[in-house]
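The values are calculated or read from the model by the stated rules, or taken from the named source; none is laboratory data. Keep in mind that what you see is a predicted model, and the values were worked out from it rather than measured. Cβ coordinates were reconstructed from backbone atoms using ideal geometry, including for glycine residues, and neighbour counts include every protein chain displayed. All accessible areas refer to the heavy atoms of the entire protein, side chains included, with ligands and DNA or RNA removed. Shrake-Rupley method; radii C 1.70, N 1.55, O 1.52, S 1.80 Å.
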Amino acid sequence: METEITHRPSYAHLVVSLEAGETVLAEPGAMVSHTPSVSIETSSTRDGLLSSAKSMLGGESLFANEFTAEGEPGTITLAPPKPGDVREYDLSEETLYAVDGAFLAAEPPVDIDSEFGGLKSLLAGASITPLALSGSGRVFLEAFGGIETVDLDHGESYVVDNENVVAWEGTVDFDARRVGDLKSTLLSGEGLVMEFTGPGSVWYQTRGLDSFVDAIAGALPTGDDNDATIEF
């Protein structure tokens, strides 16, 4: 399987070239186009692939699409539902944790399951059950905006707003807390953050979807604006 990420970072597009018999797994709704030789099967029973009832708590779909090149090579293009980038990560007998909505696609050897993150992840909004991407194989993460990488040495820490967290390696520890005291939380415009401690890498997105939605909503006309009369 060969892959190429185009149109990045704002409107990333994942192009997957499959040899005959090869399969790539993707979230429902990610498919943009494919060649006629590619077949599509939607599965909710694949071992370890979003099949656990716990996945419902994490917000991820219980279903995943399997795209397979039948009889001859084929190509499938995938894209996130939001404007942003796509990042490839090559798992090597390890675990990568991704927040709700960050998973785009993976090679079949990768085991994808939801894992209870405890009260810390619940408070941080990192999804109650972050997805645990385990084993060996390539996974593809999506983000709103660009994706930044923070590489942490042993004992080194870094703080990220909970809305911007995308993923972190299994070797990284994390904690969730508020920004300052209650007054600071209410008046600063900031809320909950996640503090990561190495060793390992953390990925965050350069934009927050909730903040973007709030900004758009604030710019929309209100009911009073629509009812305004024009006098001559």
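Mind telling me which of the residues Ser184, Ser127 ends up being outside any strand (DSSP E or B), in contact with a helix residue (DSSP H, G or I) (Cβ under 6 Å, 6 or more places away or on another chain), open to solvent by 10 Å² or more (accessible area, probe 1.4 Å) and modelled with pLDDT under 95? Can you show your working first?
Details: Ser184 fails: in contact with a helix residue (DSSP H, G or I) (Cβ under 6 Å, 6 or more places away or on another chain).
On inspection, the qualifying residue turns out to be Ser127.
Could you check the range 82-102 and list, in sequence order, the residues that are more than 11 Å from the chain's Cα centre (by Cα), open to solvent by 10 Å² or more (accessible area, probe 1.4 Å) and over 21 Å from Ser17 (Cα atoms)?
Answer for the range 82-102, where residues must be more than 11 Å from the chain's Cα centre (by Cα), open to solvent by 10 Å² or more (accessible area, probe 1.4 Å) and over 21 Å from Ser17 (Cα atoms): Pro83, Ser92, Glu93, Glu94, Thr95.
Which members of the range 139-167 meet the condition of being touching a residue at least 60 places away in the same chain (Cβ under 8 Å) and farther than 22 Å from Ser10 by Cα?
Once the filter is applied, which keeps residues that are touching a residue at least 60 places away in the same chain (Cβ under 8 Å) and farther than 22 Å from Ser10 by Cα, the range 139-167 yields nothing.
Hey, among the residues in the range 133-173 that are crowded, with 22+ Cβ neighbours inside 10 Å and small (Gly, Ala, Ser), which one's farthest from Arg87 (Cα to Cα)?
Looking at residues that are crowded, with 22+ Cβ neighbours inside 10 Å and small (Gly, Ala, Ser), I get Ala167.
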